[in-house]
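Asks: I'd like to ask some things about the structure below.
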Amino acid sequence: MTVDRSDHDQQTREIEAAALAALRSQARLGPNFHPEELRLEPDGVLLLRGLVEDVAAKKTALEAVARLDGIRGIADHLHVMPAARMADDELRVHVRNGLITDPSLEGLEIYDIDDGAVRLMRGAPLGVRGRIEVEVKKGLVILNGSVPGLTTKRLAGIIAWWVPGTRDVINGLAVEPPEDDNPNQIAEAVRVALEKDPFVNADQIRIGVSNTLVRLTGVVPKESERAAAERDAWLIFGVDRVINEITVRA
């Protein structure tokens, strides 16, 4: 069956319009959200490029368009507005040092990739359990290598996101041996993030996970702590939604 070109173009415009409407209907983006580029490719992949306020807005945007009919995939080029301006070299050093100084990652070799040159920055003389390669391109932190567990993979991503100059994290770390992901794995990673965050008392917060949705409950003394806990949950690789039911003690 031959599809009329004009009909195909009209269908493409309708899907693009529906995607833009879905984005603007999200409270984290708002009715005035203007992506730099929103285009449906001939293979049904939606190219989405632009800047958003934080990781929560980025994930909310991706989930909103992923549900639409006619979209077979998303080419994600949404990036987060960084909290601080950093050159790529500076950002790479901060991420690398964060990985090196975390005691949970002691058995991993840490490599630095600068303009294609790979340099060993920290070895693991007592036995190598894996390796993490850190590369930065225009504020995008790229993590490659292999690590011995999903929680370790997620922790590396969190450390990269915590550097204020980071615009996005591409977590390409392989898990060896492979592990099946599940809600318990996600809950463990959220717990690790909260315990490592100096602005959060993890003992005051309870974590529930259903599929890729995280629900936070508990009581904290300050709104800033409530917000920090939610942000940490959004940063976890594999988390698509966060419901923050933490209350602030009066």
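Asks: Tell me the residue from 224, 146, 210 that is hydroxyl-bearing (Ser, Thr, Tyr) and in contact with a Leu (Cβ under 9 Å, 6 or more places away or on another chain), please. Even if it seems obvious, please write down each step before you answer.
Replies: Values: 224 fails: in contact with a Leu (Cβ under 9 Å, 6 or more places away or on another chain); 210 fails: in contact with a Leu (Cβ under 9 Å, 6 or more places away or on another chain).
That would be 146, the only listed residue that is hydroxyl-bearing (Ser, Thr, Tyr) and in contact with a Leu (Cβ under 9 Å, 6 or more places away or on another chain).
Asks: Let me ask you something else. Might you check whether a residue that is among the small types (Gly, Ala, Ser) and either in a helix (DSSP H, G or I) or under 12 Å from residue 76 (Cα atoms) (or both) occurs anywhere in region 39-53?
Replies: As a first pass, look at region 39-53 and keep what is among the small types (Gly, Ala, Ser): 44, 50.
Within this subset, residues satisfying the condition of being either in a helix (DSSP H, G or I) or under 12 Å from residue 76 (Cα atoms) (or both) are 50.
Yes, that holds for at least one residue.
Asks: A follow-up question, please. Would you confirm, using the coordinates I've provided, whether residue 129 is over 21 Å from the mean Cα position of the chain (by Cα) and surrounded by fewer than 19 Cβ atoms within 10 Å (Cβ to Cβ)? Steps first, answer last, please.
Replies: Numbers: over 21 Å from the mean Cα position of the chain (by Cα): yes; surrounded by fewer than 19 Cβ atoms within 10 Å (Cβ to Cβ): yes.
Yes.
Asks: Quick check on residue 249: is it more than 18 Å from the chain's Cα centre (by Cα) and at negative phi? Break it down stepwise before answering.
Replies: Working: more than 18 Å from the chain's Cα centre (by Cα): yes; at negative phi: yes.
Yes, satisfied.
Asks: Looking only at residues in region 83-122 that are small (Gly, Ala, Ser) and outside any helix (DSSP H, G or I), which one is nearest to residue 52 (Cα to Cα)?
Replies: Step one: list which residues in region 83-122 are small (Gly, Ala, Ser), which gives 83-84, 87, 98, 104, 107, 116-117.
Checking the rest, the ones that are also outside any helix (DSSP H, G or I) come to 83-84, 87, 107, 116-117.
On the way: 83: 12, 84: 15, 87: 20, 107: 35, 116: 29, 117: 32 Å.
Out of the qualifying residues, it is 83.
Asks: Criterion first (surrounded by fewer than 20 Cβ atoms within 10 Å (Cβ to Cβ) and under 28 Å from residue 62 (Cα atoms)) does residue 171 satisfy it?
Replies: Details: surrounded by fewer than 20 Cβ atoms within 10 Å (Cβ to Cβ): yes; under 28 Å from residue 62 (Cα atoms): yes.
Yes: the conditions hold for residue 171.
Asks: Which pairs turn up if I take residues in region 154-169 that are over 13 Å from residue 79 (Cα atoms) and not assigned by TED's automatic domain parsing to the domain that holds residue 52 and look for partners that are hydroxyl-bearing (Ser, Thr, Tyr) and not in a loop (DSSP other than H, G, I, E, B) with beta carbon separation below 7 Å, at least 6 apart in sequence or on another chain?
Replies: Hits for this filter: 155/104.
Asks: So, one more: Scan (1) in contact with a Lys or Arg (Cβ under 9 Å, 6 or more places away or on another chain); (2) surrounded by 17 or more Cβ atoms within 10 Å (Cβ to Cβ) for the single condition residue 160 breaks and write down its number.
Replies: Of (1) in contact with a Lys or Arg (Cβ under 9 Å, 6 or more places away or on another chain); (2) surrounded by 17 or more Cβ atoms within 10 Å (Cβ to Cβ), only one is false for residue 160: (1).
Asks: Considering each residue of region 204-231, count those that are of a type in the set (A, V, I, L, M), surrounded by 19 or more Cβ atoms within 10 Å (Cβ to Cβ) and within 21 Å of the chain's Cα centre (by Cα), and give that number.
Replies: So in region 204-231, the residues of a type in the set (A, V, I, L, M) come out as 205, 207, 209, 213-214, 216, 219-220, 227-229.
Retained after the next criterion (residues that are surrounded by 19 or more Cβ atoms within 10 Å (Cβ to Cβ)): 205, 207, 209, 214, 216, 220, 229.
Among the residues that remain, those that are also within 21 Å of the chain's Cα centre (by Cα) are: 207, 209, 214, 216, 229.
Counting residues in region 204-231 that are of a type in the set (A, V, I, L, M), surrounded by 19 or more Cβ atoms within 10 Å (Cβ to Cβ) and within 21 Å of the chain's Cα centre (by Cα) gives 5.
This table checks each residue for (1) among the hydrophobic types (A, V, I, L, M, F, W, C); (2) touching a Ser or Thr at 6+ places or on another chain (Cβ under 6 Å); (3) loosely packed, with under 14 Cβ neighbours inside 10 Å; (4) under 19 Å from residue 240 (Cα atoms).
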{"position": "35", "(1), (2), (3), (4)": "no, no, no, no"}
{"position": "41", "(1), (2), (3), (4)": "no, no, yes, no"}
{"position": "59", "(1), (2), (3), (4)": "no, no, no, yes"}
{"position": "71", "(1), (2), (3), (4)": "yes, no, no, yes"}
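Asks: Mind listing whichever residues of region 14-67 are of a type in the set (Lys, Arg) and under 26 Å from residue 84 (Cβ atoms)? Talk me through it step by step, then tell me what you get.
Replies: Of the residues in region 14-67, the ones of a type in the set (Lys, Arg) are 24, 28, 39, 49, 58-59, 67.
Once the filter is applied, which keeps residues that are of a type in the set (Lys, Arg) and under 26 Å from residue 84 (Cβ atoms), region 14-67 yields 28, 49, 58, 59.
Asks: A follow-up question, please. One residue is enough: does region 9-28 have a residue meeting the conditions on the phi > 0 side of the Ramachandran plot and not in a loop (DSSP other than H, G, I, E, B)? Steps first, answer last, please.
Replies: Filtering region 9-28 for residues on the phi > 0 side of the Ramachandran plot gives none.
The answer is no; no qualifying residue exists.
Asks: I'm told residue 108 meets every condition in (1) out of contact with any helix residue (DSSP H, G or I) (no Cβ under 8 Å at 6 or more places or on another chain); (2) surrounded by 17 or more Cβ atoms within 10 Å (Cβ to Cβ) except one. Can you identify the failing condition by its number?
Replies: It fails just one condition, (1).
The values are calculated or read from the model by the stated rules, or taken from the named source; none is laboratory data. None of the values given here were measured: they were computed from a predicted structure. Neighbour counts are summed over all protein chains in view; Cβ atoms, including those assigned to glycine, are modelled from backbone coordinates with ideal geometry.
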